[in-house]
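One structure below.
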Amino acid sequence: MYPRTTVELAKALSNLGILDRENAAICGVSVAAIRHWRRGSRRSGGRRNRDRDAPRCPRCHDRALDESAYAYLLGLYLGDGHLTLGRKGVWALSITCCDGWPGLMAQARLAMSTVMPSSKVFAVARTGCTEIKSTSKHWLCLFPQHGPGRKHQREIRLEPWQEQIVTEYPGDFARGLFHSDGYRGINRIRRPLKDGDKWYEYPRYLFVNQSADIHRLCGQTLDRLGVAWRFSKPTTISVARREAVARLDVFVGPKY
């Protein structure tokens, strides 16, 4: 028996079009289990499609918003996301994901689908990366930070309703930021000694972004989580203390 959360995640990923083999690897279960859960949930598909025709925008139509998923998606957007305007006033939200992290693509798909369930989520292959995309006339309502030019060349300020969400869900917001512009790896330091050099290794997180405003948001969020941090470079936030890394692991987790 698998936990209910695992089953629900697998079903959600199947509904987003994730292949059974990739879904099994992400959820840590067998391909047979994925197929069983997927086939067993087919009868409810019509109802899910009808539910997606409900009022679409949390801002315009007062539809309920999954704030945890939105906090994560906002973090992804501020790092590797952008909006483009298409025909008939339809906006496309794009999150660029490295092909080496298929689980990150799955999480981006799931977050987009949860935040805007009436809009289809799809992928566009690029050289070395994949864009996870969704189109809606209302994406601009949820990401008012959109504007001309690069993010680090203009002011990035959250609206009061966004501030309330990231304050309520700082862990999800931090996860989105670090899954987009962050890195967790091993830092190696060489210490010259009389009997030869000695190497020390320790894990650390780095968050690299050109925007001072996004640095400020990341720093405020780490403060809320009780994670010690500092600037190692003008564009880089570093989390390197052992207890701070362990604390951030709880919220950020792996990219898969």
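The values are calculated or read from the model by the stated rules, or taken from the named source; none is laboratory data. Treat the numbers as computed from the prediction; the structure is a model and nothing was measured. We place every Cβ from the backbone using ideal geometry, glycine too, and count neighbours over all the protein chains shown. With ligands, DNA and RNA removed, areas are computed over all heavy atoms of the protein, side chains included. Shrake-Rupley method; radii C 1.70, N 1.55, O 1.52, S 1.80 Å.
A few notes on this one:
- Its residue count N sets the reference 2.2 N^0.38 Å, and the alpha-carbon radius of gyration of the stretch 148-201 equals 1.99 times that reference.
- Under a 5 Å amide H cut-off, with hydrogens placed 1.01 Å from N, residue 16 pairs with nothing among residues at least 5 apart or on other chains.
- Taking all protein chains together, 159, 243 sort by accessible area into 243, 159, largest first [probe 1.4 Å].
- Rounded to the nearest Hz, the phi-derived 3J(HN,Hα) couplings of the stretch 235-242 under the Karplus curve 6.51 cos²θ - 1.76 cosθ + 1.60 (θ = phi - 60°) are 10, 10, 8, 10, 10, 10, 5, 4, where x marks glycine and proline.
- Mean-square fluctuations from a GNM of the chain, with a 10 angstrom spring cutoff on Cα atoms, peak among 130, 235, 221 at 235.
- Residue 61-residue 189 FRET efficiency (beta carbon distance; Förster radius 45 Å; 0.05 resolution): 0.25
- For the chain, the cysteines with no partner cysteine C-beta closer than 4.7 Å are 27, 97, 98, 129, 141, 218.
- Protein-only accessible surface order, largest first, of 39, 204 at 1.4 Å: 39, 204
- Taking all protein chains together, 98, 57 sort by accessible area into 98, 57, largest first [probe 1.4 Å].
- Residues whose amide H lies under 5 Å from that of residue 229, counting only those 5 or more places away or on a different chain, are absent; hydrogens are built 1.01 Å from N in the peptide plane.
- With a cut-off of 13 Å between beta carbons, the residues surrounding residue 200 carry a summed charge of +4, where Lys and Arg count +1 and Asp and Glu -1.
- All Cα pairs of the stretch 94-246, percent lying beyond 19 Å: 63 percent
- The gain in end-to-end length when the residue 157 to residue 15 segment is fully stretched comes to 47.7 nm, 0.36 nm per residue minus the alpha carbon separation.
- Computed with every protein chain present, the accessible area of residue 229 is close to 80 Å² [probe 1.4 Å].
- Here r is the Cβ-Cβ distance between residue 241 and residue 126 and R0 is 45 Å; the resulting FRET efficiency, rounded to 0.05, is 0.80.
- Within the stretch 53-123, all pairs of alpha-carbon atoms sorted by distance into 5 Å bins from zero give the percentages 3, 15, 24, 29, 18, 8, 3, 0.
- Protein accessible area in the chain, 1.4 Å probe - carbon and sulfur %: 50 percent
- Solvent-accessible area of residue 90 with every protein chain in place, 1.4 Å probe, in Å² to the nearest 10: 50 Å²
- The chain: equivalent-ellipsoid semi-axes (sqrt of 5 x gyration tensor eigenvalues, Cα, Å): 33, 25, 16
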